[in-house]
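Engineer: Here you go, one structure.
Please treat every number below as a calculation from the coordinates, not as lab data. Please read these numbers as outputs of a predicted model, since none were measured by experiment. All Cβ positions, even for glycine, are placed from backbone atoms using ideal geometry, and neighbour counts span all protein chains on display.
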Amino acid sequence: MTDPKNSKKLLILDDEEEIAKILGEIAEDCGFKASLTHTAPDFLDRVDPSFDCVILDLMIPGMDGVDVIRSLSEKEVHPDVILISGADRRTLHSAETLAGEYGLHIAAVMEKPIRVSDIRNILSAISEKERDSSSRSKDGGKSSLPVFQKEEVLDAVRSDQFILFYQPKFDLKTGKVEGFEALVRWNHPKLGLIFPDSFLPLMEKETAILNLMTEKIIDLALDEKRIWNANGKKLRVAVNVSPVTLTELDFPERILAKIKNKGIPQSQFQMEITETNFLENIRFTQDILTRLRIRGIGLSIDDFGTGYSSLKQLHRFPFTELKIDKSFVMDSPRDRESLFICQASIDLGHKLGMHVVAEGIETEEVERLMKEAGCDVGQGYYYSRPIHPEKIPEILSKFG
């Protein structure tokens, strides 16, 4: 039996007293010390940092759930949040997305009527997990990013502090590795390994620095690709390229020269372009991407489905691969709309003659859903995290 002194605290907001009471009883069985409230003002007055979890009904008289979500995000509290509602699924999904944007940690979203077994499983999982409230922040759990100056980043590029890790991409029909995506990291001499979200925003404002880094990491990827070829592994390597770099008209010629100098077939090299970041100068972008394709270099549209003109980009640019954004892939088992978006993206990509990649496969169930939907390639932590080049032979010995 759970020690009351060590019980986690839970606050339930539901204007239906009988439902709140039942939820409280289930929570107590799962090891929580539960408190109930039936009005939004009382909920917001009572919630404090001591609560590990809250259950929030979105349809509350006098103050709707969106108002509560907004108000909760403004308080210095970081509980796991379970959203419940009798509203339709799409409205509930929109509320979940909004709550995430406000920095709340959404543990689950449930439609009424709620099944006892479902809420019990969710509460048990929350009760059992280790809670580190000091590491959870108002931005949804991300720690604060270091701030760098232009000169520091430029010096890092010039002194070759940027390195590549590689994440394998798996053929969903054969289960074998079909290629690797190269992912840049900053091997900072004092701070250790730093991820792109800490330095790319600055670089994209300093085009000269970004262009220099891009060409250096392409060289690194091609050097690694030569090693694979020498070992008889004719796999593709994909490098992420920011659209900010697609402004110099001689870019295709420079990249093709690099590829030829390394003795690598153009078909084994691919560029991944993030769909949300297309430049306003569409003419230059289209010019450069078209000439890259004419030269036989593969082009992948990354994070598909998260931008404002996805279909227009597909129609306009000569992409050979479509990568479904991981948010849809990861949510596919529990959210029908996300699964439908994945299925529609796969069908669309195939009709346009493209290979389709599902990013963010982290479980066997997600892999099964993507296979059933006819997706070509899978990528995600279920298979492997991004790895140092020295570990690539190990992956290939298992799945090559």
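Engineer: Residues in the range 51-82 near a label at E25, defined as backbone nitrogen under 20 Å from the 7 Å Cα→Cβ point?
Structural biologist: Only 55-57 fall inside the zone, counting backbone N under 20 Å.
Engineer: Gain in length, E362 to D155, computed as 0.36 nm per residue apart minus the alpha-carbon separation, to one decimal in nm?
Structural biologist: 70.9 nm
Engineer: What is the distance in Å between the Cα centres of the range 81-128 and the range 142-172?
Structural biologist: 35 Å
Engineer: Filter the chain for me: DSSP H helices, axial length by Cα at least 20 angstrom, mean Kyte-Doolittle hydropathy not below 0.0. List them by residue number.
Structural biologist: 207-230
Engineer: Then there's this: Rule-of-thumb check for the chain: C-alpha Rg over 2.2 N^0.38 Å?
Structural biologist: The value comes to 1.13.
Engineer: Which of rounded, prolate, oblate describes the range 4-135, given a ≥ b ≥ c as roots of the alpha-carbon gyration tensor eigenvalues and a/c under 1.5 marking rounded, otherwise prolate only if a/b is larger than b/c?
Structural biologist: Judged from the Cα gyration tensor, the range 4-135 comes out rounded (a/c under 1.5).
Engineer: Describe numerically, in nm with one decimal, the distance between label points set 7 Å from Cα along Cα→Cβ at H38 and at E206.
Structural biologist: Each label point is offset 7 Å from its Cα along the Cβ direction, giving 6.1 nm.
Engineer: Assuming 0.36 nm per residue, please report the length gained on full extension of the stretch S267 to S73 beyond their Cα-Cα distance.
Structural biologist: 65.0 nm is the gain from fully extending S267 to S73.
Engineer: Nearest 500 deg cm²/dmol is fine: what mean residue ellipticity at 222 nm does the chain get from its DSSP H runs of n ≥ 4 alone, each adding -39,500 (n - 2.57), divided by its residue count?
Structural biologist: Theoretical 222 nm ellipticity from helices: -12000 deg cm²/dmol.
Engineer: Give me the number: length gained by fully extending K371 to K233, i.e. 0.36 nm times residue separation minus the C-alpha to C-alpha distance, one decimal in nm.
Structural biologist: Net length gain for the segment: 47.2 nm.
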